1. Which of the residues spanning segment 160-185 are in contact with a Lys or Arg (Cβ under 9 Å, 6 or more places away or on another chain), part of a loop (DSSP other than H, G, I, E, B) and either more than 13 Å from Val109 (Cα to Cα) or open to solvent by 90 Å² or more (accessible area, probe 1.4 Å) (or both)?
2. Give the residues of segment 113-155 that are of a type in the set (Lys, Arg) and modelled with pLDDT of 85 or more, sorted by residue number.
3. List the number of the failed condition for Ile57; all other conditions in (1) farther than 22 Å from Val120 by Cβ; (2) modelled with pLDDT of 90 or more hold.
4. Kindly indicate whether any position in segment 36-49 is surrounded by 13 or more Cβ atoms within 10 Å (Cβ to Cβ) and within 30 Å of Asp110 (Cα to Cα).
5. Which fully enclosed helices (runs of 4 or more DSSP H) of segment 1-107 have 1 or more residues being aromatic (Phe, Trp, Tyr)?
6. Out of all the residues in segment 3-30, which are among the aromatic types (Phe, Trp, Tyr) and surrounded by 14 or more Cβ atoms within 10 Å (Cβ to Cβ)?
7. Is it true that some residue in segment 114-124 is within 18 Å of Asn156 (Cα to Cα) and among the charged types (D, E, K, R)?
8. Please identify the pairs in which a residue from segment 133-155 that is closer than 17 Å to Asp110 by Cβ has its Cβ atom under 8 Å from the Cβ atom of a residue that is open to solvent by 60 Å² or more (accessible area, probe 1.4 Å) and acidic (Asp, Glu), counting only partners at least 6 apart or on another chain.
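The values are calculated or read from the model by the stated rules, or taken from the named source; none is laboratory data. Because the structure is predicted, anything quoted here is derived from the model rather than measured. Glycine also receives a Cβ, built like all others from the backbone with ideal geometry; neighbour counts cover every protein chain displayed. Quick note on the areas: whole protein, heavy atoms, side chains included, nothing else; ligands and nucleic acids left out. Shrake-Rupley method; radii C 1.70, N 1.55, O 1.52, S 1.80 Å.
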Amino acid sequence: EGEIRRSDVEQACQTAKRLVTHFERTIIYFKELGFIIDDRDTVMNPLGIFGVKLEVIAHVVQVRSRFYEDWRRLMERARVKKSVPVFSAWSTAYGILPAESRVKKRLIVDAGHDLISVFVFDNDGITDHRVCLTAGSLNEIGAHSAQVMRELIKNNEGIEQFLLTGELAANDALERILHNNLGIS
């Protein structure tokens, strides 16, 4: 009981990581979304607040440990000094959004030849996502993607714009199809 310090926050995050980790999985992404103090108050930053119990709300991405170890060995053989596993949607968002603009709520569409990742990026983090396989004509791909995007827009109020990136983004037709189906810029 007392004032919450940085060490308390770190301990809560470490405990959360231990609780969600499965035997054959490795965490490659852990992002705190908020904290709950004494089972009632939800805050973004608990430092300096007084309480007895501190819990963390977080997004966690895990990968099979075998795949992570194979990747790590490959990076060692390639002599990559600092290899960092990156959640592809996260790296896409950081690649296209300037730092001062990462708090706005946006729908990001990463359109590749094999699949399309659609995710909501808000307040410097990924809050929701879907993946679509790309098969068929550009019109079919656009219609299916727009259907998935409409679902995300319905579940996440306040999205004002979507950003299109990836291999299929070079074709202006996909952007027009999505814009016509969604009605947002």
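1. Glu160
2. Arg150, Lys154
3. It fails just one condition, (1).
4. Scanning segment 36-49, I find no residue that is surrounded by 13 or more Cβ atoms within 10 Å (Cβ to Cβ) and within 30 Å of Asp110 (Cα to Cα), so the answer is no.
5. Counting at least 1 such residues, we get 65-77, 88-96.
6. Tyr29, Phe30
7. Scanning segment 114-124 turns up at least one residue that is within 18 Å of Asn156 (Cα to Cα) and among the charged types (D, E, K, R).
8. Leu133/Asp114; Thr134/Asp114
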